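K.L.:
What follows is a structure written as C-alpha cells; I'll ask about it next.
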C-alpha cells in the first residue's frame, strides 16, 4: 500500500513523502491517526500542487533573506549594552537582543532560536553569530557591541 505521509513518522519518512507500507500498518495505524493518506491520483495531484506552492514561498523567503543579509553586510549591526567603568558590560548580549536589532535594521523578523552566538559576549567589541534562517541558507553575521 502506498501512502502520502501527512507528518514526520520516525523510521518511515518525512512529511509529504510517498512511502510503501504493509496494508495493516497503513489501514489500522497510519490512516486512523491522520499520519498518512492513500496515494491515489487525486491525492498525488494535491501533493504536487502543495509542493509547488511551498517551493515558490521558499524562493520568495530566500530572496528576502538575501536582501537583508546584503544590507547587514554593508554596515554591521550595532547592539547597545550598559557598560561599567572597566569596559565590561552588565550581563551579556543574547540572541534576543540581536534578533531585535536585525528587525529594527531590516524589518525582517528572525526567530531568536535561529540565531547562534558563537562565543559569550561579555565586553565591547566585534563578534560573530550564525544565522540558520533556512535549511539551505546559513550565514555568519558580524555584529558590534557598543556602550550605551
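The values are calculated or read from the model by the stated rules, or taken from the named source; none is laboratory data. Predicted model only: the values in this text are computed from it and were never measured. Here the Cβ positions follow ideal geometry from the backbone for every residue, glycine too, while neighbour counts run over all protein chains shown.
K.L.:
Does any residue of region 48-67 turn out to be in a strand (DSSP E or B) and closer than 30 Å to residue 4 by Cα?
P.N.:
Scanning region 48-67 turns up no residue that is in a strand (DSSP E or B) and closer than 30 Å to residue 4 by Cα.
K.L.:
Hey, among 35, 56, which residue is touching a strand residue (DSSP E or B) at 6+ places or on another chain (Cβ under 9 Å), at pLDDT 85 or above and outside the structural domain of residue 136 (by TED's automatic domain parsing)?
P.N.:
Values: 56 fails: touching a strand residue (DSSP E or B) at 6+ places or on another chain (Cβ under 9 Å).
Exactly one residue qualifies, and that residue is 35.
K.L.:
May I ask you to list the residues in region 81-103 that are in a strand (DSSP E or B) and either outside the structural domain of residue 140 (by TED's automatic domain parsing) or surrounded by 14 or more Cβ atoms within 10 Å (Cβ to Cβ) (or both)?
P.N.:
Across region 81-103, the qualifying residues are 81, 83, 89.
K.L.:
Determine, yes or no, whether residue 50 is under 21 Å from the mean Cα position of the chain (by Cα) and assigned by TED's automatic domain parsing to the domain that holds residue 139.
P.N.:
No; evaluated as a whole, the condition is false for this residue.
K.L.:
Which of the residues that make up region 104-117 are in a helix (DSSP H, G or I) and under 15 Å from the mean Cα position of the chain (by Cα)? If you could, list the steps in order and put the result at the bottom.
P.N.:
Of all residues in region 104-117, those in a helix (DSSP H, G or I) come to 104-106, 112-114.
Residues satisfying the conditions are 112, 113, 114.
K.L.:
With (1) at pLDDT 90 or above; (2) over 19 Å from residue 136 (Cα atoms) as the list, and residue 81 as the residue in question, which single condition is left unmet?
P.N.:
Result: residue 81 passes all but (1).
K.L.:
Let me ask something else about it. So which pairs qualify, if the first residue must be in region 52-73 and over 13 Å from residue 133 (Cβ atoms), the second must be exposed (fewer than 14 other Cβ atoms within 10 Å of the Cβ), the Cβ gap must be under 9 Å, and the two must be at least 6 apart or on different chains?
P.N.:
Final answer for the pair search is 73/142.
K.L.:
Moving on to the next point. Any residue in region 130-140 that is more than 27 Å from residue 59 (Cβ to Cβ), modelled with pLDDT of 85 or more, touching a strand residue (DSSP E or B) at 6+ places or on another chain (Cβ under 8 Å) and surrounded by 11 or more Cβ atoms within 10 Å (Cβ to Cβ)?
P.N.:
No, every residue in region 130-140 fails to be more than 27 Å from residue 59 (Cβ to Cβ), modelled with pLDDT of 85 or more, touching a strand residue (DSSP E or B) at 6+ places or on another chain (Cβ under 8 Å) and surrounded by 11 or more Cβ atoms within 10 Å (Cβ to Cβ).
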